[in-house]
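Colleague: This is the structure I want to talk about, given as structure tokens.
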Amino acid sequence: MDVYSLLNQGNASLDYNDLCRILKTNNSQTTLENITQATFVYPSTLEQSYAFFDVYIQLLLSIESESQKLHKSTIQDSLRTCIMGIIKLHGFVWLICFSAHLSTHTWQRLYTNPDPMILIYLYGLVLASADKHSAELGRWAEALLQFMKSQSPVIMLHMLMSLWSVDELNGHQTDFATVWLNTLEASMQHSEAMQQSLQVIFNVLAKADTSYMKDTVDQQLETSLKRAPFTASELTLVMIWLENKCRQEIAFPHLAQAYFTFQYTNTIKTKKRNKNPLIKNLLEPQPSDPTERAAIVRKGTQSWVGLVGSLLPYEFEMYLKDAVRVYYPTERKTMLDLVLAEWVIRDPFECHRTIILNSLVEQLQSSKYNIRTAPYYAIIQLFSSAEEMGPRTGYEIKTGAKVDLLAFQAGEKDITRGCCSVLEHLTLSNKQYTHTCVEDCIRTASAGIVEWYVGWMAREHTRLATSQNLFGDYLVVTLKQARQRALSSWVVPACLENLTTDSLGLLLGLNDDPDLVGVFVDYFGQASQLGTRRLVDTLLKTKPKAFIDLLLAYLQRHMNDTKMKSEMSRAWFKNHFLASLLTEAAEAVFVPTSTYATTSIMDESQPNVASQLLAQLLTDPDHYEWYFGTPVVPLGTKERNFGSRDVARTHDIISVWHTGLASMLQEMVRIPDNKAVGLVNFWRSLWIDSDTHKFSVPTPWILQCLGLYDLAPASVKQLMEEFLRVGLHSVNTKGRGFTLRMVDLVMLSDMPEADEVFDLFVRLLEEQGNTVQAKEEEAKIVWAITATMVELAEESKLETEQRLHNKPTSKKRQKQPVPTRPKDTHWNKRRGRGGRKNRLDKKAVVVEEVVEETVVEEQEEEDDCLGTLIGRVIGFVLIAVTASDRHSICAETRRRLWQSLASSLLCYEALDTLRQLSLSEELQEDILSITDACLERLKTTQPILWEDARRVLGTVN
């Protein structure tokens, strides 16, 4: 055999450190670029050259299998160049010794690499070195036997045949084949893969299958092998020799056991195939009548039950394995498929399911999985069999959620338990083909089975809690299935209840896959239900705050739309979390001290998650704005943006209605009064500093809360009164004071029943008596009302003038008549030159019309915002004027305010400006009512000022 026929001279490349660096990148493209026409810097010592070559082989094996196939010649050229360079430097002694210095990791990579090209190449080098360079046969055989570490059955068999041939040529003066057996015997004690490889070798030798080695080793090394491929006669002779050796049980106990197992299995397949009692009358095609099919399945399972009693346990297991291995997988569908599926799912004796599944998994190693083939279709079919038997959904009384009824009835409970066990077994097998089978099972399984499987994977994922583990991968794949969105009421609770903070973070942290998000969106995007309420209650009681923070952050990131009916609406917090959060927090801060007294002091040694979370949401600016401060607009309600208006730059335009805070107050109404008191005290401690008696949160939050006075329960109204008192006594050195911002609240916000809050504010002013501060506050109120009216009037007037001056004129271009074709023979050419210009002109007209329509829409939206603010201000002033004497609980102060407002000529200027605008008829009537009421009061109290006011209004010549 010629070494030089394998080694051609090449170029050189990298040193040892470079190889290690490239190996760490683990990038196939980078590796290929570096090894192509490389210039190697070889180590100077023999020992170092072994380490160099070991790393180099690992580098080649790190190339992806597809890339290995595409760049096979490049890899072979680089390998040839590297080996030739080392041999030139260290001689052929290196060639005999390198296999003994390859690391265990390298041998493992050679075994698992899908393409055996590199392994066969290295094996061929050592194999060829025996003859051409007259190497000492003992050393050559020792070097060749190192390739037993590859555990490759084709290499091991070719090696045995080669060593046996050498023994034959030497007249059995050498016994290298027996050394091969000793090496194999020693390896089998610690390697299950070696035992599997030996079964393959036995099978090839027993069949005298010459194509097995011819298609692999011989095909790749055909130009390097001096002798012809091994013949069938040679394979038979080696099999006879091997059988004689295997009968020496004392010398080769493991080898003998493997041989007897092979012989026993082969005997079952060849001699007892037609005598297997389990397949009796079950190889017939399936009848079309379902009743007849069911009867045959029932009879078949009863027959198997009888055989369990009449046969020895190992005999029944032997026949069971034989039925699976002989008849499956197959495209032909028989009654055996249904009986086997029924047996594996129900497993009546709880000892055969594992045997069947192990046999099926073993079969899949040499055959491709297909859901349509037997027996897989029959097993998967049972995952949904309960759903085919009729209605299976109902409502659990405790939770109100839909539950799987049939899965928990007699008989069907066995199917559910069996299906779960099958899924567990296939998942733990962790093979690509079993992965696909699991997906098919889940795709058809009943809700109860999917719920159990998701819960089991979540528990196992939690147990391992690493960034990459089998169960985390399976869990993500399962949750991403499109069908899981319909089953979200089952899978989401099963998932969340069984995860910990770490495992939830690994699952959701950086995973923004829309399919995975869709399951949680579907679950939390639905309306409030007892099932979701129970889940959130459970999470708040059993999970740490970090877990809830992770879940809320994930939902906040993906469900943040401010439209109520949107699929991604942020209404999920109100629908599913808010009630549970408030109830649990109220329980935490409620400690009964007597029949009539309560306290809100919490036990800090056992912090409550709900109270901690509520404190975070009510104090952190980002959380408050997202969960409580931003309104969620219901269907049919137009979302308005007042930020572009000039008045918004100097005034607080606060959204009150449809906010999370409004929902919070509505939920607090449902909490018992004795517990609500503790919750209110807890809220007070968060928003009012007990030491300084000042606000500890931004003033707009306080105002937003005050705007919901009409919705609040009695205990919260008392807290709001305290907010007002703190605000009135606060000294504001920066920005606008509390009184001015309160006027903005009642005039410009969308709060319900603004006059009620205004009355409360005025009453608190009255409590201060006829003090200088009270008079100053009243003057601020009048000034704020007047100034706001003036600003709105001026801004509206300016907008109207600009709109009239810059009004877009959208003229529809008249359709041009189509010209008739003249007799000029050049008409078509002129038309072609001008056609592009005409098309561009038409396109420009369309773009211009779209721009004009957009401008008009934006202008209408701005006018709508401004009109809304004007309507709110006019509505409030009208109530403040007309209700001063009749409905107010502080009539005296209200009359003074009315008098002061009526005495302001700026007020009349604003009213006159607004009256001249194109406002609605209702607003015009309200403006006229305010004007008449103010003039009437002014006429009786200040006649001179009354005349001045009429002149401002233009009613006096």
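The values are calculated or read from the model by the stated rules, or taken from the named source; none is laboratory data. On a predicted model such as this, the values are computed, not experimentally measured, just so you know. Here the Cβ is made from the backbone with ideal geometry for all residues, glycine too, and neighbour counts use every protein chain on show. Areas reflect the complete protein model, heavy atoms only, side chains present, ligands, DNA and RNA absent. Shrake-Rupley method; radii C 1.70, N 1.55, O 1.52, S 1.80 Å.
Colleague: For region 422-440, give me each residue that is among the polar types (S, T, N, Q) and open to solvent by 10 Å² or more (accessible area, probe 1.4 Å). Lay out the reasoning, then the answer.
Modeller: Applying the first criterion (among the polar types (S, T, N, Q)) to region 422-440 yields 427, 429-430, 432, 434, 436.
Result: Ser429, Asn430, Gln432, Thr436.
Colleague: Let me ask something else. Looking at (1) open to solvent by less than 30 Å² (accessible area, probe 1.4 Å); (2) under 30 Å from Thr81 (Cβ atoms); (3) in a helix (DSSP H, G or I), can you tell me which one Tyr111 breaks?
Modeller: (1)
Colleague: If I filter region 532-541 for residues that are modelled with pLDDT under 80, open to solvent by less than 40 Å² (accessible area, probe 1.4 Å) and either under 15 Å from Ser488 (Cβ atoms) or under 18 Å from the mean Cα position of the chain (by Cα) (or both), do I get at least one hit?
Modeller: Looking through region 532-541, none of the residues is modelled with pLDDT under 80, open to solvent by less than 40 Å² (accessible area, probe 1.4 Å) and either under 15 Å from Ser488 (Cβ atoms) or under 18 Å from the mean Cα position of the chain (by Cα) (or both).
Colleague: Does region 680-698 contain any residue that is surrounded by 15 or more Cβ atoms within 10 Å (Cβ to Cβ), in contact (Cβ under 8 Å) with a residue 40 or more places away in the chain, in a loop (DSSP other than H, G, I, E, B) and of a type outside the set (Lys, Arg)?
Modeller: Looking for residues that are surrounded by 15 or more Cβ atoms within 10 Å (Cβ to Cβ), in contact (Cβ under 8 Å) with a residue 40 or more places away in the chain, in a loop (DSSP other than H, G, I, E, B) and of a type outside the set (Lys, Arg), one finds at least one in region 680-698, hence yes.
Colleague: Now, a different point. Of all residues in region 699-717, which are among the small types (Gly, Ala, Ser) and open to solvent by less than 30 Å² (accessible area, probe 1.4 Å)?
Modeller: Of everything in region 699-717, those that are among the small types (Gly, Ala, Ser) and open to solvent by less than 30 Å² (accessible area, probe 1.4 Å) turn out to be Gly707, Ala712, Ser715.
Colleague: Would you check which residues across region 552-579 are surrounded by 16 or more Cβ atoms within 10 Å (Cβ to Cβ) and closer than 15 Å to Leu614 by Cα and list them?
Modeller: Leu552, Phe573, Lys574, His576, Phe577, Leu578, Ala579
Colleague: Is it fair to say Arg459 is basic (Lys, Arg), open to solvent by 10 Å² or more (accessible area, probe 1.4 Å) and within 14 Å of the chain's Cα centre (by Cα)?
Modeller: no
Colleague: Return yes when Leu475 is farther than 16 Å from Thr538 by Cβ, free of Cβ contacts under 8 Å to residues at least 40 places away in the same chain, in a helix (DSSP H, G or I) and not β-branched (Val, Ile, Thr) and no when it is not.
Modeller: yes
Colleague: Is there any pair with a first residue in region 644-659 that is polar (S, T, N, Q) and a second that is open to solvent by less than 20 Å² (accessible area, probe 1.4 Å) and part of a helix (DSSP H, G or I) whose Cβ atoms are under 7 Å apart and which are 6 or more apart or on different chains, and what are they?
Modeller: The qualifying pairs are Thr659/Phe628; Thr659/Gly629; Thr659/Gln704.
Colleague: Continuing with this model, one more query. Of all residues in region 114-161, which are of a type in the set (S, T, N, Q), surrounded by 18 or more Cβ atoms within 10 Å (Cβ to Cβ) and either under 24 Å from Met84 (Cβ atoms) or touching a strand residue (DSSP E or B) at 6+ places or on another chain (Cβ under 6 Å) (or both)?
Modeller: Within region 114-161, Ser129, Gln146, Ser150 meet the criteria.
Colleague: Determine which member of the set Glu795, Glu778, Glu799, Glu766 is touching a residue at least 12 places away in the same chain (Cβ under 8 Å), open to solvent by 40 Å² or more (accessible area, probe 1.4 Å) and on the phi < 0 side of the Ramachandran plot.
Modeller: Glu766
Colleague: Additional query: Of the residues Ser503, Ser489, only one is closer than 23 Å to Ile548 by Cβ, crowded, with 20+ Cβ neighbours inside 10 Å and under 14 Å from the mean Cα position of the chain (by Cα); which?
Modeller: Ser503
Colleague: Same structure, new question: Could you check, for region 55-74, whether at least one of its residues is more than 42 Å from the chain's Cα centre (by Cα), within 25 Å of Leu145 (Cβ to Cβ), surrounded by 17 or more Cβ atoms within 10 Å (Cβ to Cβ) and not aliphatic (A, V, I, L, M)?
Modeller: No, region 55-74 contains no residue that is more than 42 Å from the chain's Cα centre (by Cα), within 25 Å of Leu145 (Cβ to Cβ), surrounded by 17 or more Cβ atoms within 10 Å (Cβ to Cβ) and not aliphatic (A, V, I, L, M).
So that you can scan it fast, the table gives a plain yes or no per residue for (1) closer than 14 Å to Cys420 by Cα; (2) aliphatic (A, V, I, L, M):
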| position | (1), (2) |
| --- | --- |
| Ser446 | yes, no |
| Val454 | yes, yes |
| Arg459 | no, no |
| Asn469 | no, no |
| Leu475 | no, yes |
| Ser489 | no, no |
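Colleague: OK, next. If a residue must be in contact with a Cys (Cβ under 7 Å, 6 or more places away or on another chain) and aromatic (Phe, Trp, Tyr), how many such residues does region 426-475 contain?
Modeller: 2
Colleague: Exactly one of these conditions fails for Ser129: (1) closer than 18 Å to Leu237 by Cβ; (2) assigned to a helix (DSSP H, G or I); (3) touching a helix residue (DSSP H, G or I) at 6+ places or on another chain (Cβ under 8 Å). Give me its number.
Modeller: With (1) closer than 18 Å to Leu237 by Cβ; (2) assigned to a helix (DSSP H, G or I); (3) touching a helix residue (DSSP H, G or I) at 6+ places or on another chain (Cβ under 8 Å) applied to Ser129, the lone miss is (1).
Yes or no, residue by residue, for (1) in a helix (DSSP H, G or I); (2) of a type in the set (Lys, Arg); (3) at pLDDT below 85:
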| residue | (1), (2), (3) |
| --- | --- |
| Cys20 | yes, no, no |
| Lys24 | yes, yes, no |
| Ala38 | no, no, yes |
| Gln48 | yes, no, no |
| Tyr56 | yes, no, no |
| Leu60 | yes, no, no |
| Lys69 | yes, yes, yes |
| Ile86 | yes, no, no |
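Colleague: Let me ask something else about it. Quick check on my filter: what residues within region 462-485 are within 14 Å of the chain's Cα centre (by Cα) and under 14 Å from Asp515 (Cβ atoms)?
Modeller: Hits for region 462-485 are Leu475, Val476, Val477, Thr478, Leu479, Lys480, Gln481, Ala482, Gln484, Arg485.
Colleague: While we're here: Just to check your reading of the model, which residue among Tyr123, Tyr111 is touching a His at 6+ places or on another chain (Cβ under 8 Å) and at pLDDT 85 or above?
Modeller: None of the others qualify; the one that does is Tyr123.
Colleague: Provide a single number: the residues in region 652-679 that are out of contact with any Lys or Arg (no Cβ under 7 Å at 6 or more places or on another chain) and assigned to a helix (DSSP H, G or I).
Modeller: 14
Colleague: Check Met720, Met751 and return the single one that is outside any helix (DSSP H, G or I), closer than 24 Å to Tyr627 by Cβ, open to solvent by less than 50 Å² (accessible area, probe 1.4 Å) and not polar (S, T, N, Q). Don't jump to the end; show me each part of the working.
Modeller: Details: Met720 fails: outside any helix (DSSP H, G or I).
Just one listed residue meets the conditions, Met751.
Colleague: State yes or no: is Ala902 at pLDDT below 85, closer than 22 Å to Phe758 by Cα, touching a Leu at 6+ places or on another chain (Cβ under 6 Å) and surrounded by 17 or more Cβ atoms within 10 Å (Cβ to Cβ)?
Modeller: Details: at pLDDT below 85: yes; closer than 22 Å to Phe758 by Cα: yes; touching a Leu at 6+ places or on another chain (Cβ under 6 Å): yes; surrounded by 17 or more Cβ atoms within 10 Å (Cβ to Cβ): yes.
Against the criterion (at pLDDT below 85, closer than 22 Å to Phe758 by Cα, touching a Leu at 6+ places or on another chain (Cβ under 6 Å) and surrounded by 17 or more Cβ atoms within 10 Å (Cβ to Cβ)), Ala902 qualifies.
Colleague: Here's something else I'd like to know. Quick one: Trp783 ticks every box in (1) touching a helix residue (DSSP H, G or I) at 6+ places or on another chain (Cβ under 8 Å); (2) open to solvent by 60 Å² or more (accessible area, probe 1.4 Å); (3) closer than 29 Å to Cys865 by Cα except a single one, so which number is it?
Modeller: (1)
Colleague: Mind checking which residues of region 647-681 are within 19 Å of Thr562 (Cβ to Cβ) and either in contact with an Asp or Glu (Cβ under 6 Å, 6 or more places away or on another chain) or among the aromatic types (Phe, Trp, Tyr) (or both)? Even if it seems obvious, please write down each step before you answer.
Modeller: Within region 647-681, the subset within 19 Å of Thr562 (Cβ to Cβ) is 648, 653-664, 666.
Matches in region 647-681: Val656, Trp657.
Colleague: Can you confirm whether region 453-464 contains a residue that is at pLDDT 90 or above and aromatic (Phe, Trp, Tyr)?
Modeller: Checked against the condition, which is being at pLDDT 90 or above and aromatic (Phe, Trp, Tyr), region 453-464 yields at least one hit.
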